[in-house]
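Student: Encoded as structure tokens, here's the structure I'll be asking about.
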Amino acid sequence: MELGGFEPPASSVRRKRAPSAPQPRQTNGDYCNEEKPTCQASNTEIIYGFKINDQEKVISVSSGPELFKALSKALSETLFPARIGKIETGDSWAAFRVTRKGNWLLFSWNPRSYGCGIVDDPMISFLKKTRTGKSSFGEALKSNFLNGSFISVKQLNNDRVLVFRAERMVGAGFPVHVRLVFEGTERNSNLLILDSVGTILEPAKHIHGDMNRYRMLLPGISYTPPPPLKGREWEAGQSIRSAGELSNLTGIGKGLAKNIASLWDEKSSGYWAGCLSSLLDENAPVSGLVLQKIGTYLTIFPDLLPGAESVPGGILEGAGQEIISAAFSDHREHTLAKVRKMVSKEIRSRIRHADGLRNQAAMAEKADEFRKSGDLILAAKDSIPPRAKEVILTDWETGEEVRIQLDEKLSPSQNAEKYFRKYKKGKIDVNETKGRILSLEEGIQELEEQLEALESIDDPDLLAAAAADILDWVSPEKKRLGKKKKESTPPHIQFQNGEDLIYVGLNARGNRYVTFRCASPTDLWFHVHEIPGAHVILKTPGRGMSPRDDSIEIAASLAAWYSRAKNAAKIQVDYTEKKNVRSIPGNAIAHVTYTSPRTLQISPGLWKEHPEAALSRRQEGSK
């Protein structure tokens, strides 16, 4: 069956819109209330294989049919036919291992990051950590494609639909032909398994008649493609005289068409016709096209368009990277939201506790007044009228009149008892209570700082470890059980530069661990000057031996990188021997003071310029 032969009813055709134009110093060990330093504008960068944009907390990726045509050509030219050695699936993604080099063909039908491309083993390892369990669709993919081969791929109807032909040998060399259809249509994105005659075997998302009046996507029925856009197809040698003609041309997405229309008068119509020909001609090679992003729109074009950002790598690898980056961003936001919810709940609990202690402290200051009121009420109880709201009595010690509030629902004796209870409740050590309030306030501040600390972590594994440790720290289940379970090692990172070891705390518990468990008295302790950040320990090689000068720079740079000031050009970092660092008693487990600091002005990213140290990074604790 040739899927391109399906024609939708005329009433279902989608229409394109026309494009438009020396004193002791104190640090909290995590984050303090100091203002942020002036920072340079941050750029997108690749960190541990994931593209992170500091100005976008959640990345979304969209694309048009011109990219799908380029993906189809690139797969045909460089990869297919390809044997399928392994299949991994998640909630809204599926990946097929298609080479022995660890390359995977990834499909994502997540509405925020739909698309397909080539990714590597580490990226698949990350995706596997985000899935919630096995799915029937994943099992269907393995049943129909595992140990088979992709033979070819074709774009359908100049749309964001790719049809993959595959075959698998069964029995005595008998080939079974199946199709894999990928629809990258935003919220309607889907991945479907078809048999050789076009019957749906299993879709990733079941679409019933009450969800879509045009078509149903269910097992056992014939596949109907999305209704194609109304317009004419590009023909070789065709000329385009005005931007308005783009609205009647299929194969170009709105994002690219709008950009071309805004730039139309800056170039000749011949230039634009040549560019469109390189995009839409079936026989035009993809080698001369540049993968780029216009905002969140991922597209290809012969030249880098004004305002666009070039995506590194080839078309297939770049498209795969964009999917992974968006997936990491979504996962990151989900992780942070989960931690925010738990930490906010713990903060509210501590605020209530602190408010209760403040009430106790206020009552303690009036304790003698409460006792005097009770004594006066008892002495005059026979003269107090029923249901009185207040009474004026004479203090026999001072001779002054005292106005006392009463509960009209209670008898005089009961009102006196109420004041005596307040007196007993107020008999506390006020200074101790104020100390407990201060300790709770420091603990609340530290919890708030933990959320900010997570924001500075851009590696998915480190983020997961730090988040899990914080959740375990504030877990109500752990508190209810009341049993001490074996403490896990707090999350931290270890680096090595020659014989020098460097430890970096990832959160409050990690900071306390590296400072007071890993460090010896003569080891060097680093922290950004008066700005929230990680504790960093540089262990000296031995007694009487000094660390390498570049190790000091690396440790200082790491302290700056894992801090609120990571985007500054340069920042001041203090360092001193660990014996000069003291913990501040209270609920904040990583707040410290330190003396005798030396300082460095350092670039937060300097540690990346030392490959030996950067490649030695090893996560420890809370795995």
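The values are calculated or read from the model by the stated rules, or taken from the named source; none is laboratory data. Because the structure is a prediction, the values reported are computed rather than measured. Methodologically, a virtual Cβ is constructed for each residue, glycine included, from the backbone with ideal geometry; neighbour enumeration extends over all protein chains shown. Note: areas computed on protein heavy atoms with side chains; ligands, DNA, RNA excluded. Shrake-Rupley method; radii C 1.70, N 1.55, O 1.52, S 1.80 Å.
Student: Projected onto the charge dipole of the chain (+1 at Lys/Arg Cβ, -1 at Asp/Glu Cβ, origin at the Cα centre), which of ILE502, SER196, ALA273 gives the Cα projection farthest towards the positive end?
Tutor: SER196
Student: Would you give the gap between the C-alpha center of region 266-342 and the C-alpha center of region 80-109, rounded to a whole Å?
Tutor: For region 266-342 versus region 80-109, the Cα centre distance is 21 Å.
Student: Also: Given the pairs LYS205/LYS258; LYS389/LYS418; LYS86/LYS129, which span a C-alpha to C-alpha distance of over 22 angstrom in this model?
Tutor: LYS205/LYS258
Student: Taking square-rooted eigenvalues a ≥ b ≥ c of the alpha carbon gyration tensor, is region 512-623 rounded, prolate or oblate, where a/c under 1.5 means rounded and, failing that, a/b exceeding b/c means prolate? The partial results should precede the final answer.
Tutor: Numbers: a/c = 1.33, a/b = 1.18, b/c = 1.13.
In terms of gyration-tensor shape, rounded.
Student: What 222 nm value per residue comes from the helices of the chain, counting each DSSP H run with n ≥ 4 as -39,500 (n - 2.57) and dividing by all residues, nearest 500 deg cm²/dmol? Write down the numbers at each step before the final one.
Tutor: Working: 14 runs with 204 residues, N = 623.
It comes out at -10500 deg cm²/dmol, rounded to the nearest 500.
Student: Continuing with the same structure: From the cross-link list LYS128/LYS608; LYS154/LYS267; LYS154/LYS230; LYS73/LYS267; LYS381/LYS409; LYS69/LYS267, which pairs have alpha carbons spaced over 22 Å apart?
Tutor: Cα-Cα > 22 Å for LYS128/LYS608; LYS154/LYS267; LYS73/LYS267; LYS69/LYS267; rest within.
Student: Now for a separate question. Step through the residues of region 332-339 one at a time and calculate ³J(HN,Hα) from phi using the Karplus curve (6.51 cos²θ - 1.76 cosθ + 1.60, θ = phi - 60°), rounding each to whole Hz and writing x for Gly and Pro.
Tutor: 4, 5, 5, 5, 5, 5, 5, 5
Student: Show me the ranking of peptides 579-585, 467-473 by mean Cβ neighbours inside 10 Å, starting with the highest.
Tutor: 467-473, 579-585
Student: Additional query: Considering only protein heavy atoms and a 1.4 Å probe, what is the carbon-and-sulfur percentage of the accessible area of the chain? List each step's numbers first, then the result.
Tutor: Numbers: 14620 of 30180 Å².
On the chain, the fraction of accessible area on carbon and sulfur atoms equals 48 percent.
Student: Follow-up question, since we're still on this one. If you work out log10 I(q)/I(0) by the Debye sum over Cα atoms at q = 0.05, 0.10, 0.11, 0.12 Å⁻¹ from the coordinates, which of [x] -0.40, -0.88, -0.98, -1.11; [y] -0.30, -1.13, -1.28, -1.39; [z] -0.37, -0.97, -1.07, -1.17 do you get?
Tutor: Working out log10 I(q)/I(0) by the Debye sum over Cα atoms at q = 0.05, 0.10, 0.11, 0.12 Å⁻¹ from the coordinates points to [z].
Student: Of the options SER596, ASN567, GLN405, report the single residue whose Cα projects farthest towards the positive end of the charge dipole of the chain (beta-carbon charges: Lys, Arg +1; Asp, Glu -1).
Tutor: Ranked along the dipole, the leading option is GLN405.
Student: ILE84's amide H: which non-local residues (gap 5+, or another chain) put their own amide H closer than 5 Å, with H modeled 1.01 Å from N in plane and none for Pro or chain starts?
Tutor: Here the answer is ASN147, GLY148, SER149, PHE150, since their amide H atoms fall under 5 Å of that of ILE84.
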